[in-house]
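First the structure, in the form of structure tokens, and then the observations on it.
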Amino acid sequence: MALEGSTLGAQIEDGGVNFAVWSQAAERIWVSLFDEQDREFDRIELGKGAGGVHSRFVAGLGEGARYGFRADGPYEPANGIWFDPDKLLIDPYALAIDRPFAYDARLSAPRDGAIDTAFMMPKGLVSAPLPRVEQGAPVFPEGGFIYELNVRGFTMRHPDVPEELRGTIAALAHPAIIEHLTKLRVDAVELMPIAAWMDERHLPPLGLANAWGYNPVTFMALDPRIAPGGWNELRETVAALRAAGIGTILDVVFNHTAESDAHGPTLSLRGLDSRAYYRHAGGEPARLVNDTGTGNTLDCTHPAVIRLVTDTLRTFVRHAGVDGFRFDLAPILGRNEHGFDAHAPLLEAMSDDPGIGSRVLIAEPWDIGPGGYQLGRFPPPFLEWNDRFRDDVRRFWRGDGWAVGALATRLAGSSDVFGASGQNTRTVNFIAAHDGMTLADITAYERKHNLANGEDGRDGHSDNLSWNDGVEGATDDPGIVEKRRSDVKALLATLFLSRGAMLLTAGDEFGRTQAGNNNAYAQDNEITWLDWEGRDREIEAFARWLGGARHRIAALRKTAFLDEGSVVWLREDGLPMSISDWEDRGRRTLAMVLAGEDGAPRIGIAINGLSQPVKFRLPDTGDAAWRALVASRPAEENEGGSFALAARSVVLFEETAA
């Protein structure tokens with residue numbers, strides 16, 4: 001397939017626009033042109049050239065011209081073929097669209113229904129060539145702090161952001177937002193999907209809307225709801241964040257599209273060449289492989305898909321200056337008919353490309369297909385979301401038995417998971433993310449509360465490894481409120497003081513709640529919009545102290561695995577942990593002392609998971625002394641150099657001159 005060297009999409013040339021789109025199976029393809037009143041005023045057939053590229057130069061057009069494609073060929077759903085010239089198709093390479101996508105059941109009508117969908121579809125906008133952004137090294141240090149945020153929900157309720165900017169990418173460049181990020185010492189923001197998406201078909205009848213964006217139609221066109229200024233808005237925001245020392249990582253979805261299953265809408269790839277773009281079950285061409293749980297799965301072994309994905313990534317790097325990507329359901333990128341392959345063509349194409357491979361690449365290392373759990377199996381340079389860290393930390397603080405050994409392994413970089421790939425961990429530690437309970441809700445709800453999603457509570461995970469301190473949900477009991485606040489601080493401290501890169505979801509630094517909803521993808525409302533005025537300032541101040549300590553102390557940002565020369569594990573009495581201590585089912589206390597590097601002082605981290613205070617003794621310092629830098633609950637120094645740690649608390653110590 002001769003795709004190399006071809007330029008796809010709508011390219012402005014002298015005197016007009018060249019339109020080019022790929023489809024091997026289509027017999028005919030047209031470009032439809034629309035005026036400002038959304039009326040189709042011309043339909044021009046493209047010529048099919050070598051390698052399946054259909055193209056035509058159209059004179060007299062320029063920037064802002066509105067267009068879509070139509071494709072004809074066999075209509076055989078039983079064979080996975082869906083050609084229908086009545087379906088207007090968005091250009092997979094469109095850089096902009098004129099309005100958001102909106103689901104309509106008529107987008108799924110069969111060909112014999114003869115329903116022209118042009119009036120329901122956004123139109124691609126011919127874009128001027130995007131300016132190049134000078135590419136330097138990614139703004140993301142070793143062991144960096146990633147701050148995951150939903151662009152729309154992040155600022156919809158922010159009192160200092162002008163109303164016209166709220167919910168947009170541009171709002172992230174507002175001084176109040178940058179000040180918040182810098183005070184937390186965020187190294188990079190991770191933007192949940194910003195490419196144009198469509199609501200799942202079951203949401204509109206329920207009066208709900210997709211709030212997360214993990215249902216894309218196009219990969220390059222930004223969603224007008226969050227990027228009304230298009231690529232200029234993204235590029236300027238990335239530059240403003242970079243000027244503040246903050247990188248930008250994009251959460252990208254290359255595993256499925258909003259065309260969903262056989263009953264879904266025909267919007268783009270399905271209408272152009274479904275058998276090429278999507279995986280179909282062997283021997284059952286009508287059945288789409290559903291390793292994503294969303295109805296379809298992109299065929300990431302196909303050259304056209306590999307080209308589309310890598311072109312998209314290069315475009316974001318070259319023309320927006322982004323620092324990296326987080327790949328949703330990343331095993332799909334390495335799947336073939338036999339399962340996951342860490343050396344699959346798309347994964348190698350990304351790693352080998354100098355523009356892409358030099359960026360921060362982060363895998364969500366699981367999908368729902370056979371053998372879909374691939375934690376630790378992605379090749380370098382990929383970092384990986386580490387759900388083992390999430391679960392083991394939650395188990396420890398919930399009070400589960402035999403949890404202290406697993407906690408230590410996670411604190412030290414998860415060598416059991418990542419040790420085979422080198423001397424450094426590739427973990428991205430997190431305790432809560434967009435998908436699941438918020439950090440505060442982990443301490444307030446023992447079960448999910450998802451009735452607002454309209455699925456009678458069936459959606460979302462049921463095993464949340466959470467607790468509620470005796471009352472399910474909100475309470476006015478001051479004792480329970482304080483216990484929960486303390487537990488949130490302990491969870492935050494465990495995360496910030498662990499080895500490897502770390503991720504915190506926006507709002508978890510000040511106690512955000514979703515009222516126990518652990519699958520709030522359909523809640524584009526106050527459930528997911530951050531409550532800035534009602535935030536817990538005490539938790540926020542504590543998170544800032546942790547961020548400052550992690551930023552200042554090099555030992556807390558290292559990614560090399562901890563070994564006998566770099567860490568000492570201690571009991572509360574200051575003696576080394578023995579085998580029997582590690583195997584003690586009820587042990588809830590632990591201290592770790594990190595050796596200083598390059599003349600830096602030693603660091604001590606003491607953890608008390610018991611419901612009563614415990615005295616901790618740290619190693620002798622000679623003429624120096626131990627000083628508590630950050631404590632989730634106050635730690636009192638006793639005579640003789642020991643410290644009394646409050647119940648369920650974490651304390652960071654630093655060795656200082658006496």
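Tabulated values for the structure
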quantity	calculated
Residue pairs meeting the criteria (Cβ under 6 Å; at least 6 apart or on separate chains; first closer than 18 Å to SER649 by Cβ, in segment 581-598; second open to solvent by 30 Å² or more (accessible area, probe 1.4 Å) and β-branched (Val, Ile, Thr))	VAL593/VAL568
Condition met for ALA606 (of a type in the set (A, V, I, L, M, F, W, C) and over 19 Å from MET577 (Cα atoms))	no
Filter result for SER32 (without any contact (Cβ under 8 Å) to a residue 60 or more places away in the chain and open to solvent by less than 70 Å² (accessible area, probe 1.4 Å))	no
Test for ALA501: is it of a type in the set (Gly, Ala, Ser) and touching a helix residue (DSSP H, G or I) at 6+ places or on another chain (Cβ under 8 Å)	no
Residue match in segment 467-481 (condition: in contact with a Ser or Thr (Cβ under 9 Å, 6 or more places away or on another chain), open to solvent by 30 Å² or more (accessible area, probe 1.4 Å) and of a type outside the set (D, E, K, R))	yes
Residue that is nearest to ALA25 (Cα to Cα), among those in segment 304-333 that are out of contact with any Lys or Arg (no Cβ under 9 Å at 6 or more places or on another chain) and not hydrophobic (A, V, I, L, M, F, W, C)	ARG307
Residues that are touching a strand residue (DSSP E or B) at 6+ places or on another chain (Cβ under 7 Å), open to solvent by 80 Å² or more (accessible area, probe 1.4 Å) and touching a residue at least 24 places away in the same chain (Cβ under 8 Å), drawn from segment 35-50	ARG43
Matching strands (runs of 3 or more DSSP E) fully within segment 564-658 where at least 2 residues are open to solvent by 20 Å² or more (accessible area, probe 1.4 Å)	567-570, 614-617, 624-631, 635-637, 649-657
Of all residues making up segment 250-276, the number that are surrounded by fewer than 24 Cβ atoms within 10 Å (Cβ to Cβ), part of a helix (DSSP H, G or I) and touching a Lys or Arg at 6+ places or on another chain (Cβ under 8 Å)	0
Count of residues meeting criterion [out of contact with any Leu (no Cβ under 7 Å at 6 or more places or on another chain), among the basic types (Lys, Arg) and crowded, with 22+ Cβ neighbours inside 10 Å] in segment 51-104	1
Scope segment 545-563; condition surrounded by 18 or more Cβ atoms within 10 Å (Cβ to Cβ), outside any loop (DSSP other than H, G, I, E, B) and charged (D, E, K, R); matching residues	ARG550
From the options ASP416, ASP476, ASP459, ASP487, residue that is more than 29 Å from ALA549 (Cα to Cα), over 21 Å from the mean Cα position of the chain (by Cα) and among the charged types (D, E, K, R)	ASP476
Filter pass, ALA474 being out of contact with any His (no Cβ under 7 Å at 6 or more places or on another chain), of a type outside the set (Ser, Thr, Tyr), modelled with pLDDT of 95 or more and within 19 Å of TYR445 (Cβ to Cβ)	yes
Hits in segment 221-232 - residues which are surrounded by fewer than 22 Cβ atoms within 10 Å (Cβ to Cβ) and in a loop (DSSP other than H, G, I, E, B)	PRO224, ARG225, PRO228, GLY229
Identity of the residue in segment 513-537, under 17 Å from HIS180 (Cβ atoms) and open to solvent by 30 Å² or more (accessible area, probe 1.4 Å), that ends up nearest to the chain's Cα centre (by Cα)	TRP529
Residues of segment 126-149 that turn out to be of a type outside the set (Val, Ile, Thr), at pLDDT 95 or above and over 17 Å from THR559 (Cα atoms), as a count	9
Search result, residues across segment 158-194 that are in contact (Cβ under 8 Å) with a residue 12 or more places away in the chain, in a loop (DSSP other than H, G, I, E, B) and among the aliphatic types (A, V, I, L, M)	VAL161, ILE169, VAL186, MET192, ILE194
Residue within segment 293-303 that is open to solvent by 10 Å² or more (accessible area, probe 1.4 Å), without any contact (Cβ under 8 Å) to a residue 60 or more places away in the chain, in a loop (DSSP other than H, G, I, E, B) and in contact with a Lys or Arg (Cβ under 6 Å, 6 or more places away or on another chain) present	yes
Selection from segment 414-464 of residues that are in contact with a Leu (Cβ under 8 Å, 6 or more places away or on another chain), outside any helix (DSSP H, G or I) and closer than 16 Å to TYR147 by Cα	THR427, VAL428, ASN429, PHE430, ILE431, ALA432, ALA433
Selected residue (only one of THR155, THR182, THR218, THR237 is among the polar types (S, T, N, Q) and surrounded by fewer than 24 Cβ atoms within 10 Å (Cβ to Cβ))	THR182
Single condition ASP441 does not satisfy, out of (1) in contact (Cβ under 8 Å) with a residue 40 or more places away in the chain; (2) surrounded by fewer than 24 Cβ atoms within 10 Å (Cβ to Cβ); (3) under 14 Å from ASN519 (Cα atoms)	(2)
Filtered residues of segment 3-29 (kept if of a type in the set (A, V, I, L, M), assigned to a strand (DSSP E or B) and either without any contact (Cβ under 8 Å) to a residue 60 or more places away in the chain or closer than 22 Å to TYR278 by Cα (or both))	ALA20, VAL21, ILE29
Wholly within segment 311-405, helices (runs of 4 or more DSSP H) carrying at least 1 residues that are under 30 Å from SER580 (Cβ atoms) and touching a Leu at 6+ places or on another chain (Cβ under 8 Å)	387-398
Which listed residue, of ALA420, ALA403, is open to solvent by 20 Å² or more (accessible area, probe 1.4 Å) and either without any contact (Cβ under 8 Å) to a residue 12 or more places away in the chain or over 25 Å from VAL253 (Cα atoms) (or both)	ALA420
Pairs where the first residue, in segment 118-145, is closer than 25 Å to GLU63 by Cβ and touching a residue at least 40 places away in the same chain (Cβ under 8 Å) and the second is surrounded by 15 or more Cβ atoms within 10 Å (Cβ to Cβ) and of a type in the set (S, T, N, Q), C-beta under 7 Å, 6+ apart	ALA118/SER32
Where a residue in segment 383-397 is in contact (Cβ under 8 Å) with a residue 60 or more places away in the chain and its partner, wherever it lies, is assigned to a helix (DSSP H, G or I) and open to solvent by 10 Å² or more (accessible area, probe 1.4 Å), with Cβ under 8 Å and at least six apart	ASN386/VAL417; ARG395/ALA406; PHE396/ALA406
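The values are calculated or read from the model by the stated rules, or taken from the named source; none is laboratory data. Remember, predicted model here, so these are calculated numbers, not experimental data. So basically every Cβ, Gly included, is an ideal-geometry build from the backbone, and we count neighbours across all protein chains shown. For the accessible areas, the whole protein counts, side chains as well, though only heavy atoms, and no ligand, DNA or RNA atoms are used. Shrake-Rupley method; radii C 1.70, N 1.55, O 1.52, S 1.80 Å.
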